[in-house]
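The structure appears below as structure tokens.
The values are calculated or read from the model by the stated rules, or taken from the named source; none is laboratory data. Note that the structure is a prediction, hence the values are computed from the model and not measured. As a convention, Cβ positions derive from the backbone with ideal geometry for all residues, glycine included, and neighbour counts pool all protein chains shown. Just the protein is used for accessible areas: all its heavy atoms, side chains included, with ligands, DNA and RNA removed. Shrake-Rupley method; radii C 1.70, N 1.55, O 1.52, S 1.80 Å.
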Amino acid sequence: MQKILQSLENTSIKQLHLWIVLIGMLIASQVQYIQHGWINPDSVLYLEAAKLFSNGDWKAGFEVFNWPFYSLCITLVNKITQLGVHVSAQILNVIFFGMATFAFITIIQLAGGKQKQIIAAALIWLSAPYMIGGVLEMLMRDEGFWAFYLLSIVFFIRFYQQQRLKDALLWQLAMMFASLFRIEAILYLALLPLVLLFNPHQSLSSKLKLVFKAYSVQLALTLLIVCALFTYPEFSTKMLGRLNEIFTSNLLSEFTALFREKSAIMSQSVLGEYLEEFAIPGLMLTFIYVIIIKVVFATGLITMGLAVLGIKHRHILLEQKSAQILMATTYIALLSMALIITKVFVLSGRYVLALSFILMVFASFFFAHLLFKQHVNTKTKWLVRLLILFMLACSVKNILPKQQGYNYMQDAVAWIQVTNNNNKPVFYDQARMRYYADEPFKGTFGGHLEHLNTSIADKTIFNYHYLLIESSNKNNVTKNLIKNALPEYTLINQFNDAKAKKSVLIYQKK
């Protein structure tokens with residue numbers, strides 16, 4: 001193992017960079033391949049919109065999803081390759097991950113990293129269990145956000161280090177592209193340039209000039225929007241899609257509405273009159289706990305530990321300007337998570353990865369410090385070896401074929417298509433099943449059993465000869481509902497997921 005590390009250490013930085021990007025794209029390709037067509041529920045929106053765009057139905061595509069840049073990217077790849085929407089999305093995923101990998105390694109270099117730090121960064125990046133094993137497999141707009149978010153940080157660090165206008169423009173454009181994938185990127189656009197005001201080695205006038213450059217594109221666009229609002233009466237911020245959320249006059253009220261509602265419920269129904277004043281701080285402490293757990297889960301316990309040590313020793317390990325920017329990005333990422341959980345009371349691990357990427361940078365520098373330290377005791381040597389083996393094991397696990405039952409929903413759809421020789425009407429209670437069956441898009445159907453209950457209530461369910469219903473095997477709610485409300489149907493087959501926690505129940509009219 002030591003000989004391999006020494007050999008890699010003697011490789012040029014450009015070669016290392018190229019090989020890491022290529023390996024990253026190969027891993028992304030394998031991750032796409034082992035899905036065998038599986039998609040995330042949210043992916044239905046993006047893919048269906050892309051289908052409509054590809055067919056020239058622009059209005060319908062925008063109605064499916066009103067922040068459609070990712071779908072438009074899929075459409076572009078589809079038009080170029082003619083390989084279909086799904087394969088185009090997979091190709092886009094591989095490209096975006098290659099861009100994100102390139103940007104991540106570039107950040108390591110800008111932060112003062114050489115071959116040692118790049119090797120350590122590659123081990124951490126390419127073995128990330130949640131990022132690669134959990135999110136990369138999904139055909140989501142997140143991968144596009146990763147690519148442009150990390151590229152924007154590359155350009156911002158370059159701008160801070162070299163103060164070139166070109167980098168100031170590029171950082172803004174890259175983060176604007178990131179916001180076209182995930183709207184929360186606008187928070188970085190608004191706040192990250194403020195870090196330029198905290199450089200103790202520059203005069204106030206020099207700082208303000210840098211800040212103006214870092215905001216230049218944003219100021220120009222804001223001025224254009226304001227002029228358009230006053231010049232053209234028919235122009236409205238509603239035409240800006242989800243950007244309209246930012247221009248609302250009740251921004252603070254809308255962000256905190258659900259928080260105030262939940263705190264009132266907690267105060268009245270949980271704590272009671274003697275403890276009601278603790279409802280708001282109680283919720284805040286819960287949010288902090290959730291954020292900590294989510295960050296550790298998304299980043300990985302080992303990487304998190306290395307990152308904490310890397311942050312502690314950042315003044316020694318990293319170039320100072322880049323360390324300052326990375327710390328500022330960390331604080332903005334934490335603020336972004338706090339705003340998300342406050343507004344919607346949900347914090348998916350996907351929303352945490354913006355912070356995880358920065359933590360991986362700090363972790364890479366401390367891991368390199370351990371990995372290539374000349375004089376270490378036997379315990380440290382064994383610890384480093386175990387860390388390497390663990391990361392390699394995670395890398396292998398990420399690309400291994402999925403367990404039997406992983407594609408249970410697709411298997412159920414394939415079975416009914418073979419069984420239904422006479423093409424009798426089939427009811428699919430999930431948008432994903434309709435996508436797998438290549439049926440016309442009818443919306444995402446809301447929560448579990450919502451579409452089924454609605455169809456039972458309006459009697460349209462009886463128009464179908466077969467029913468495909470997703471069910472949780474934790475209870476018999478679905479089976480009991482169908483037994484009581486639809487005695488005309490009988491269960492003819494069932495497809496379970498790998499852990500037998502979820503299934504698709506197939507019913508046939510008697």
Segments classed as helices (runs of 4 or more DSSP H), wholly inside segment 158-238, with at least 3 members that are among the basic types (Lys, Arg):
204-231
Among the listed residues Ala393, Ala437, Ala457, identify the single one that is under 16 Å from Trp38 (Cα atoms) and either out of contact with any Ser or Thr (no Cβ under 9 Å at 6 or more places or on another chain) or surrounded by fewer than 16 Cβ atoms within 10 Å (Cβ to Cβ) (or both).
Ala437
Take Gly98 and decide whether it is surrounded by 15 or more Cβ atoms within 10 Å (Cβ to Cβ), assigned to a helix (DSSP H, G or I), in contact with a Pro (Cβ under 9 Å, 6 or more places away or on another chain) and not basic (Lys, Arg).
no
Assuming Phe148 fulfils every condition listed in (1) closer than 23 Å to Leu196 by Cα; (2) open to solvent by 30 Å² or more (accessible area, probe 1.4 Å); (3) touching a residue at least 24 places away in the same chain (Cβ under 8 Å); (4) more than 16 Å from the chain's Cα centre (by Cα) apart from one, which condition is it?
(4)
In segment 460-487, what count of residues is obtained for those that are β-branched (Val, Ile, Thr), at pLDDT below 85 and exposed (fewer than 13 other Cβ atoms within 10 Å of the Cβ)?
1
Please work out which one of (1) farther than 30 Å from Phe198 by Cα; (2) modelled with pLDDT under 95 is the condition Gly98 fails and give its number.
(2)
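Matching residues to (1) open to solvent by less than 40 Å² (accessible area, probe 1.4 Å); (2) farther than 22 Å from Ala185 by Cβ; (3) of a type in the set (Val, Ile, Thr):
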position	(1), (2), (3)
Ile280	no, yes, yes
Ile291	yes, no, yes
Val308	no, yes, yes
Arg314	no, yes, no
Ser322	yes, no, no
Thr329	yes, no, yes
Thr342	yes, no, yes
Leu347	yes, no, no
Report yes if some residue within segment 363-377 is open to solvent by less than 10 Å² (accessible area, probe 1.4 Å) and of a type in the set (S, T, N, Q); otherwise report no.
yes
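Of the residues Ser336, Ser364, Ser348, Ser356, which is modelled with pLDDT under 90 and within 23 Å of Leu136 (Cα to Cα)?
Working: Ser336 fails: modelled with pLDDT under 90; Ser364 fails: modelled with pLDDT under 90; Ser356 fails: modelled with pLDDT under 90.
Of the residues listed, the single one that is modelled with pLDDT under 90 and within 23 Å of Leu136 (Cα to Cα) is Ser348.
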Residue within segment 120-133 that is more than 20 Å from the chain's Cα centre (by Cα) and outside any helix (DSSP H, G or I) present:
no
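Where in segment 260-368 are there helices (runs of 4 or more DSSP H), lying fully within it, with 3 or more residues that are more than 23 Å from Tyr160 (Cβ to Cβ)? Let's see the steps before the verdict.
Values: elements: 279-299, 301-312, 314-317, 320-344.
Here the list reads 279-299, 301-312, 320-344.
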Residues of segment 254-303 being at pLDDT below 85 and closer than 16 Å to Ser336 by Cα, in sequence order, are Glu254, Phe255, Thr256, Phe259
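Only residues that are farther than 15 Å from Ile107 by Cα and at pLDDT 95 or above: list them for segment 145-165, please. Walk me through it before giving the result.
Just the residues of segment 145-165 that are farther than 15 Å from Ile107 by Cα, to begin with: 145, 163-165.
Passing the criteria: only Phe145.
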Looking at segment 105-145, which of its residues are among the small types (Gly, Ala, Ser) and either open to solvent by less than 10 Å² (accessible area, probe 1.4 Å) or within 19 Å of Thr299 (Cα to Cα) (or both)?
Ala111, Gly113, Ala120, Ala121, Ala122, Ser127, Ala128, Gly133, Gly134, Gly144
Flagged pairs (Cβ under 6 angstrom, 6 or more apart or on separate chains; first in segment 268-287, touching a residue at least 24 places away in the same chain (Cβ under 8 Å); second open to solvent by less than 90 Å² (accessible area, probe 1.4 Å)) are Leu283/Ser263; Phe287/Ile341
